[in-house]
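*Asks:* Have a look at this one before I ask anything.
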Amino acid sequence: MDYENIKIGIVQLIKKAETELPNDVIIALKQAYKIEEGVAKTQIDAILKNIDLAKKTKRPMCQDTGIQTFFIEVGIKSPHINKVKDLIIDSVKKATKEIPLRPNTVDPFTHENHKDNTGDHIPYITWDYIEGSDILITVLPKGGGSENMSRLGMLKPGVGIEGVKDFVIEEIIKAGGNPCPPTIVGVGIGGGADLALKLGKKSLLRPVGNRHKDKNIASIEEELIKRINDSGIGPMGLGGKTTVLDVHIEKAHRHPASLPVGIAVQCWANRRAKMVIHSNGKWEVK
């Protein structure tokens with residue numbers, strides 16, 4: 001099997017995420033441009049020009065190229081199951097030099113930077129298993145500014161969903177311009193502390209504008225979008241009508257005594273890309 005060729009594919013996957021914003025995000029930003037005025041409109045215009053320039057020049061759209069975060073669905077019949085992790089680690093090192101990416105992984109105790117975007121538990125990989133023999137990989141480069149605005153609330157169950165909504169709105173308003181709005185906000189409700197945050201981050205993979213399949217949850221997403229945008233924080237925190245492009249909610253069953261709420265914030269550069277690796281080693285970046 002030509003695993004070097006698969007590495008080429010994973011590097012291409014990372015490059016696509018870093019240099020080409022998904023169409024759903026671009027459409028949402030263009031809609032924001034239409035409704036904004038003054039400095040807010042100027043900010044959105046600058047963002048759109050930046051996106052276009054990154055795609056044309058094949059250069060990262062932001063100087064913070066993020067922590068490389070992967071969500072992987074592994075077909076249980078794939079012959080490459082035991083190779084995927086090492087292939088991703090090697091590909092991240094390769095991508096750091098070739099794209100290039102800013103070296104962003106630092107040891108929290110020694111401050112040592114290996115300068116290849118790898119380290120303990122990094123790149124961060126979330127695994128799931130599916131039928132078949134294909135391996136589906138989604139990369140989500142996560143910048144530090146938006147990641148710093150992540151929040152976990154271990155709420156009292158008695159506050160109910162209204163309390164959850166208030167918590168999300170309060171935290172996003174506190175964040176202000178720090179996560180480089182207009183943002184996409186992922187909210188995980190239920191499970192435990194770690195699961196709530198993971199669900200929030202995983203929800204960022206859903207295209208902007210796609211509502212939750214549960215109509216009640218979808219209506220809450222729409223309510224949160226309106227209430228946050230009514231705050232007037234606006235693009236880059238300079239005032240305006242568009243503070244968030246979208247809010248996505250995912251849920252898990254919880255303990256009766258616990259109501260975890262995890263908030264994952266993604267900046268306007270909602271970078272993500274997908275690929276599939278077939279059992280014969282052929283791959284496609286989508």
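Readers should treat all values here as calculations from the given coordinates under stated rules, not as data from a laboratory. From a predicted model like this one, the values you see are computed outputs, not experimental measurements. Don't worry about glycine lacking a Cβ; one is built from the backbone with ideal geometry, like all the others, and counts go over all protein chains shown.
*Asks:* Find how many whole Å separate the alpha carbon centroid of segment 203-219 from the alpha carbon centroid of segment 127-182.
*Replies:* Going from one Cα centre to the other spans 13 Å.
*Asks:* Moving to a separate point now. Amide H neighbours of residue 75 under 5 Å, counting only residues 5+ apart in sequence or on other chains, H built in-plane at 1.01 Å?
*Replies:* 130, 134, 135, 136
*Asks:* Checking the a/c ratio against 1.5 first, then a/b against b/c, what shape does the Cα gyration tensor give for segment 144-266?
*Replies:* Cα axes put segment 144-266 in the prolate bin.
*Asks:* Given contacts defined as C-alpha pairs under 8 Å and at least six residues apart, what's the relative contact order of the chain, whole-number percent?
*Replies:* 27 percent.
*Asks:* Here is a follow-up. Rounded if a/c is under 1.5, else prolate if a/b is larger than b/c, else oblate: which is segment 1-103, with a ≥ b ≥ c the root eigenvalues of its Cα gyration tensor?
*Replies:* prolate
*Asks:* Please report the antiparallel percentage of the DSSP beta bridges confined to the chain, to the nearest 5.
*Replies:* In the chain, approximately 65 percent of DSSP beta bridges are antiparallel ones.
*Asks:* Another question, if that's okay. Return the percentage of antiparallel bridges among DSSP beta bridges fully within segment 144-266, rounded to the nearest 5 %.
*Replies:* Given both bridge residues lie in segment 144-266, the antiparallel proportion sits at roughly 60 percent.
*Asks:* Taking a Cβ-Cβ separation under 4.7 Å as the criterion for a possible partner, which cysteines of the chain have none?
*Replies:* That list is 62.
*Asks:* To continue, here is another question. To the nearest 500 deg cm²/dmol, what mean residue ellipticity at 222 nm is calculated for the chain from DSSP H runs of n ≥ 4 alone, each contributing -39,500 (n - 2.57), summed and divided by the residues? The partial results should precede the final answer.
*Replies:* Details: 8 runs with 110 residues, N = 286.
Value at 222 nm, helices only: -12500 deg cm²/dmol.
*Asks:* If you don't mind, there's one more thing I want to ask. Using the Cα gyration tensor of segment 47-188, with a ≥ b ≥ c the square roots of its eigenvalues, what is the shape: rounded (a/c below 1.5), prolate (a/b larger than b/c) or oblate (neither)? Walk me through the numbers on the way to the answer.
*Replies:* Numbers: a/c = 1.74, a/b = 1.26, b/c = 1.38.
Since a/c reaches 1.5 but b/c is at least a/b, the shape of segment 47-188 is classed as oblate.
*Asks:* Next up: When the Debye formula is applied to the Cα atoms of the chain, each taken as the same point scatterer, what base-10 log of I(q)/I(0) results at q = 0.10, 0.14 Å⁻¹?
*Replies:* Each listed q corresponds, in turn, to -0.55, -1.06.
*Asks:* Moving on to the next point. Antiparallel versus total DSSP beta bridges in segment 22-171: what percent is that, nearest 5?
*Replies:* 55 percent
*Asks:* Quote the charge dipole size of the chain about the Cα centre in Debye, to the nearest 20; the model charges only the Cβ of Lys and Arg (+1) and of Asp and Glu (-1).
*Replies:* The dipole magnitude comes to about 500 debye.
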